[in-house]
Every structure is written in structure tokens, then in C-alpha cells.
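Visitor: Quick one: structure below, then a few questions.
All of the numbers you see were taken from the coordinates with simple rules; none came from a lab. Since the model is a prediction, treat every value here as computed from it, not as a measurement. Neighbour counts run over all protein chains shown; Cβ positions are idealised from the backbone, glycine included.
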Amino acid sequence: MIRAEAITLGTRLQDVSLLLPPGSLTAVVGPNGAGKSTLLLVLAGLLRAEGTIAWMGEDLNHIPFPERGRRLAWVGQDLQVDFAFTVRDVVAQGRHAFGDDGEFVDDTMRAMDIAHLADRPVTRLSGGERRRTFLARALATDAKIQLWDEPTANLDVRHSLEVLQLAMKLRDEGRAVLISLHDLRAALCFDQVLVLDRGRLAAGGKPETVLDPELIHRVFGVKASMGREMTLELP
Amino acid sequence: MKRSWAPAWFLALLLVLAFMGSLAFGEVRLAPSEVIRALIGRGEGLSRTVVLDFRLPRALVGMAVGAGLAASGVLMQSFFRNPLASPGLLGVSTGGALGAVAALALGWASNSVFALPAASIAGAFLATFAVMALAKREASAEHLLLAGVALNALFGAATSFLLNLTAGRFEVSGQIVFWMLGGLENRTWAHVWMVLPGTLAGCLLLLPYRRAMNLLSLGEQGAQSLGVNVRRLQWEIIALSTILTALATAVGGVIGFVGLVVPHILRLGFGPDHRRLLPLSMIGGAAFVLGCDLITRFLPGELRLGVVTALLGGPFFLWMLRRPA
């Protein structure tokens, strides 16, 4: 679905190559400033970098703008809004590349648990509600590739788990989902984990092989030990 | 959600009332029936002359100026993602002012009626090109904004310098000051043809951008990820905004706060959706400027239009700043 080769952007990203196959759930982890957000921006075609990027086998540079909006959805970290659009208006923007046909809007608002806020201005939402609104906008695109930058930041435990569960559902539908995360324990249930360290890909592969205590210590500077964990899951 | 167009009809009614008012009121007061008779080419000679040769061109210029400035304000606010942005921010108005003042101070304006508007338009575009050059290609909104602040200061200083040069030539410096305060006095059909077709075309060209402007006002990257060619959209709306501001400044001088106050009030009342906000602002801006121009005719002394819009807009702006978000 996405193939990126030798992505380089100054010192922010250096020689990063990756593959996101259809029906896969990938986590990007790394310390602050490792380049996670930058990587997502570059993959989404929102920031130019050296190297090649292909979406569904087609060179990104050859994909015209409206088609980009149909193939890939991106949710950034910055959720500042200065205009009082309603939640429904914002979610409906996800259908921009489809001529604003309004499809999926109600479904995705329900899926993100914001249907009851539909007519409320986004300027009057909490951080978590706002994040769910922008996630719903990305879902409404029905795009085959979903890139979410720290989607669980400022979400409570239940909504975090729901977002991760939703990501798995999208994976099961055959989409490629890439999520940047700080929670290494959550990353354990992904199909693939990419570890970024100072702009370079330090490791990539199955979580149980990638996230070993030695690498975690080297990249994050913390001691990792398994076991004695509280587990949280949706009822 | 069902969207009512009732506000548009209400604003249109206000506009019609302000339009009729500006044809009826002044030194010679005319009854509505006299105005209508004059408009369809009947009526006595004096009222026909007053309406067709003086007040009609003035009202048409005022409508074009108001619609253009308000639309330009909506564009700026969407571009900067800031409801407090306005056409003057990029230095476009002061650029236009500098051009016009140069035409007056250097004597070009006495050679041709078109010299002053032409110089004003040239100044406005000079300002836009300067901002574009200063802010480079991949500039963020903040960079553009700061470039506008610097240019505003620069053009303001240059204008003051030219004003100093004309010291002693009271007629010219009087004209310059008069023009810097903005107004619609003595507008002729030449001014109508100068501003109206361009403003009308600009406003119509803007309408297809409304949906994309909704996306842009919630963030550049998000808009681009949803399929908008953001870079192109931004330059197109900046160019159109410059043209609209330049045309308005060319025929009316510096008339502040229209682009700020009108879209802001309408946004408070009817929401930020540009599909409604943009056309409503055009109608509302036209009505606001005509209304303010009417006020200048009722108040004692020769109060200028730019002074009235500032007297109404300034306190409103301060109130907005103090208002919790």
C-alpha cells in the first residue's frame, strides 16, 4: 500500500525505508524529536523529502490532489481550531474529495462516540472530543491508507482502547494503518513496529522481536521488564 | 442540518434600504417616489441630475468597495486561520495608499483621472509581490504576517515622507490627507467603471473556492490531506484578495475595519461556513459601507467615511480582543 525508499529530510529523517502492506497495523515509536510526526507528514505527501514514495504502487508525485484525498487519510497532532464549525461540518469535510456526498458521516460519528456532539462547535470541545472529531473526519474518507499521529494522546483509557480496536478493525478490512505512539505496551499488539531514533530507523519488524529490553534501553534510555502488568481491555 | 438563507434576504433588504437611502438623502432630500422616477429616467431635471450624476455613482462605488473589502477580509481570515486578520495586514492597503499619495504628491494625478487609481493599484500589487518575495515559497502564515507588518511600517513611513514633501502646498497636502481618511465624495461614473466590473468579477470568481476555504481555515496540512492543492489555493485567494483591496482603495481611499468587522459579526451570527459567510459578507459589506456613508451625510461637519468606519470598527475590535474565546 505504501512503499517508501531512502526517505531523507535534512537531519530530521535519514535514509528511512519501509513497507506498509494492505491489511496491516504498524506502530511508529521513538523518543520525542525522533522524527515520528515528520515521517507521517512525508508519507502523507504533506512534506517534501528526498527518496521515493509510492501509494498502491503509484509514485506519489504522479497522484493528483483530489485522488490523494481519496486514497490516504492523515490526522495530525495539532488540533487547534479557530473557527466554530460544528462537529458534523468537520467530519463531513472528510468527503471533500468525493464532492461532499455526506456518506459515512453519521456512521463515523457513532464509531468515534461523538454523535451526541454533532451540532456542537468544535471550539467548545475537550481535547479528547476534538481528537475523536478529527479521527472521524479521517475515517469518513474511507481511505485505504490511514496515518494517525498519536491518536490516543489526551484520550481517556476507554476511548484509547476503542481507537486501537477501531484501528484493528480497519486492518481486518484490508487497510494499511500506521499509528505513532508513545505507549510501548500498546505497540505490542500491532503487526509491525518501527523504532525511530534521531531520524533513523533503529529497528523494524514484529513487536516481540523488535521491542527487546536492550533496544528499548539504547533508544529510550529506560529499563524494560516484562510481567506484573495491569491489563486493560474493553468489556 | 438544514441551512436557512433567511439572513441573506435580511441583508439584501438592508442593502436595498441603504441604497435607496443613499440616493434619497443629502443636501437635497428626495422622496422615494422621486428617486424611483429619476432612476427610470423620468422626473424633473434637478432630481434626475442629483440621482443619476451624483448619488448613483457614489452608491455603486460604495457597494463595490464594501463588498470587495469584506470579501477580502474573509479571504485573509481563512488564509491566516485567524478571525482577526484583515486586508490591511499584508500591507496591501498601505501599499495602495502609498501609490495614491505618490500620484498626488508628484503631480501625476493632475494629468489624468486614472493616474491616482492606477498608482494605487500598482502600489497594492507592489506590496503583495514584496510580501511574496519576503516570505519565500514555502512560507508559513506567520512569515507572511510578519512580512506584512514590516511592509505596513515601511509604506506608512514613505507616505508620511511624501506628505512632508508637500508641506507648504496646502491644496495637495489637503488632498492627500483627505484621501488617506477615505471617502466616497465626488465619485463619478468613471470611478464606477473602474471598480465595479473588477469587483463583481472577483467576487464571482471566489464563489467556487468556498468549500476548500472551509478546509483551509481548519489547517493547511489537514486540508491538503483531504485532497486540496493548498499552495495553489493560497496564492489564488491572496491574488484575488489583493485585487479586491486594491480596487476598493483606488476609488475610496483607505477605509478601515470593513474587512474585519463585517465578516466577524456575520460569523458570530451565522457560523463560519464559507458557503454562507462569503456571499453574506459581500452583501453585508456593501450595506455597511453605504450605511456608514449615509451617517457622514447626517452628522454635522464633513465627517469622512473612513473616520466613521473606524469609529464604529475600532471599539468593536477592542471588544472582540477582550471577549473570551
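Visitor: Using the Cα centre of region B:17-322 as origin and beta-carbon charges of +1 (Lys, Arg) and -1 (Asp, Glu), tell me which of B:A157, B:G68, B:G271 is placed farthest towards the positive end of the dipole.
Guide: The listed residue farthest towards the positive side: B:G271.
Visitor: Taking just the alpha carbons, could you work out the radius of gyration and Dmax for region A:90-235, both in angstroms?
Guide: Cα radius of gyration and Dmax of region A:90-235 are 17.1, 52 Å respectively.
Visitor: Could you work out, for chain B, what percent of all Cα-Cα pairs fall into each 10 Å distance bin, beginning at 0 Å and stopping at the bin that holds the largest distance?
Guide: Answer for chain B: a P(r) of 6, 26, 34, 23, 9, 2, 0 percent.
Visitor: How large is ³J(HN,Hα) for each residue in region A:134-150, as worked out from phi by the Karplus curve 6.51 cos²θ - 1.76 cosθ + 1.60 (θ = phi - 60°), to whole Hz, x for Gly and Pro?
Guide: Computed from phi, the couplings for region A:134-150 are 6, 5, 5, 4, 5, 5, 5, 5, 6, 5, 6, 10, 10, 10, 10, 8, 6 Hz.
Visitor: With an 8 Å cut-off on Cα pairs and a minimum separation of 6 or more residues, tell me the relative contact order of chain A in percent.
Guide: Computed over chain A, the figure is 28 percent.
Visitor: Once the Cα gyration tensor of region B:218-285 is diagonalised, what are the square roots of 5 times its eigenvalues, in whole Å and ordered largest first, as equivalent ellipsoid semi-axes?
Guide: Gyration-tensor ellipsoid for region B:218-285: 24, 18, 9 Å.
Visitor: Oh, and also: For labels at A:H182 and A:S17 in the simple 7 Å Cα→Cβ model, what's the distance in nm?
Guide: According to this spin-label approximation, the distance is 3.3 nm.
Visitor: Which helices count as membrane-span-like in chain B under these terms: full DSSP H, at least 24 Å along the axis by C-alpha, Kyte-Doolittle mean of -0.5 or more?
Guide: Helices meeting the criterion: B:6-24, B:56-80, B:115-135, B:141-165, B:189-206, B:230-252, B:274-298, B:305-322.
Visitor: Take B:E142, A:E103 and order them by how many other Cβ atoms sit within 10 Å, fewest up front.
Guide: Going from sparsest to densest Cβ surroundings: B:E142, A:E103.
Visitor: Could I ask something else about it? A:K36: net charge of surrounding residues, Cβ under 9 Å, Lys/Arg +1, Asp/Glu -1, itself excluded?
Guide: Combined, the nearby Lys, Arg, Asp and Glu give -2.
Visitor: Would you mind giving the mean number of other chain beta-carbons within 10 Å of the Cβ of each residue in A:87-94, as a whole number?
Guide: Mean partner-chain Cβ count within 10 Å for A:87-94: 3.
Visitor: How big is the gap, in Å, between the Cα center of region A:51-90 and the Cα center of region A:97-119?
Guide: That distance is 17 Å.
Visitor: Which net charge results for the neighbourhood of A:A54, defined as the other residues with beta-carbon distances under 12 angstrom from its beta-carbon, given Lys and Arg at +1 and Asp and Glu at -1?
Guide: Around A:A54, the charge tally is -1.
Visitor: When chain A is modelled as a GNM with alpha-carbon springs shorter than 10 Å, which of A:A73, A:A203, A:A84 fluctuates the most?
Guide: A:A84
Visitor: Oh, and also: Quote the charge dipole size of region B:247-310 about the Cα centre in Debye, to the nearest 20; the model charges only the Cβ of Lys and Arg (+1) and of Asp and Glu (-1).
Guide: It comes to approximately 140 debye.
Visitor: Please report the net charge: other residues with Cβ closer than 10 Å to the Cβ of A:V90, K and R +1, D and E -1.
Guide: Local net charge: +2.
Visitor: To continue, here is another question. Roughly speaking, what is the centre-to-centre gap between region B:248-325 and region B:138-192 when only Cα atoms are used, to the nearest Å?
Guide: For region B:248-325 versus region B:138-192, the Cα centre distance is 19 Å.
Visitor: Out of all Cα-Cα pairs in region B:1-110, roughly what percent, to the nearest whole number, are more than 16 Å apart?
Guide: Beyond 16 Å sits 72 percent of the P(r) for region B:1-110.
Visitor: Across the protein assembly as shown, what fraction of all alpha-carbon pairs, as a whole percent, falls in each successive 10 Å bin from zero upward?
Guide: 3, 16, 23, 20, 15, 11, 7, 3, 1, 0
Visitor: For region B:17-322, what is the charge dipole size about the Cα centre, in debye to the nearest 20, if Lys and Arg each add +1 at the Cβ and Asp and Glu each add -1 at the Cβ?
Guide: The dipole of region B:17-322 has a size of about 520 debye.
Visitor: Could I ask something else about it? What percent do you get for the relative contact order of chain B when only Cα pairs under 8 Å and 6+ apart count?
Guide: Normalised by residue count, the contact order of chain B is 31 percent.
Visitor: Shifting gears a bit: Most exposed first by the Cβ proxy, i.e. fewest other Cβ within 10 Å, how do B:I295, B:I176 rank?
Guide: Ranking B:I295, B:I176 by Cβ neighbours within 10 Å, fewest first, gives B:I295, B:I176.
Visitor: Let me ask another. Distance between Cα centroids, region A:123-147 to region B:15-70: provide it in whole Å.
Guide: Value for the Cα centre distance between the two parts: 52 Å.
Visitor: Across peptide A:116-127, what mean number of C-beta atoms from other chains lies inside 10 Å of a residue's C-beta?
Guide: Shielding by partners across A:116-127 averages 1.
Visitor: Right, next: For labels at A:T8 and B:S112 in the simple 7 Å Cα→Cβ model, what's the distance in nm?
Guide: Placing both labels 7 Å beyond Cα along the Cβ direction yields 5.6 nm.
Visitor: Taking amide H positions as placed in the peptide plane 1.01 Å from N, state which residues far from A:G51 in sequence (5 or more) or on other chains have amide H under 5 Å from it.
Guide: The list, which skips near neighbours in sequence, is A:T8.
Visitor: So what does the Cα-only Debye profile of region A:4-130 read at q = 0.15, 0.19 Å⁻¹, as log10 I(q)/I(0), no solvent term?
Guide: Debye output, listed in q order: -0.89, -1.18.
Visitor: Treating the beta-carbon of each Lys and Arg as +1 and of each Asp and Glu as -1, no other charges, what is the dipole magnitude of chain A about its Cα centre, to the nearest 20 debye?
Guide: 380
Visitor: What does the average come to when, for each residue of peptide A:73-83, you count the partner chain Cβ atoms lying within 10 Å of its Cβ?
Guide: Across the residues of A:73-83, the mean count of other-chain Cβ atoms within 10 Å is 5.
Visitor: Would you mind ranking A:T38, B:T309, A:T108 so that the residue whose beta carbon has the fewest other beta carbons within 10 Å leads the list?
Guide: Sorted ascending by nearby Cβ count, the order is A:T38, A:T108, B:T309.
Visitor: Sorting check: for A:88-98, B:243-253, B:183-193, which peptide has the highest mean count of neighbouring beta carbons within 10 Å, and how do the rest follow?
Guide: B:243-253, A:88-98, B:183-193
Visitor: Name the residue farthest towards the positive end of the dipole of chain A from the options A:L170, A:Q14, A:A136, assuming +1 on Cβ of Lys and Arg, -1 on Cβ of Asp and Glu, about the Cα centre.
Guide: Selected residue: A:Q14.
Visitor: A further question follows. Quick one: which of B:63-73, A:115-125 comes out on top by average Cβ neighbours within 10 Å, and what's the full order, highest first?
Guide: B:63-73, A:115-125
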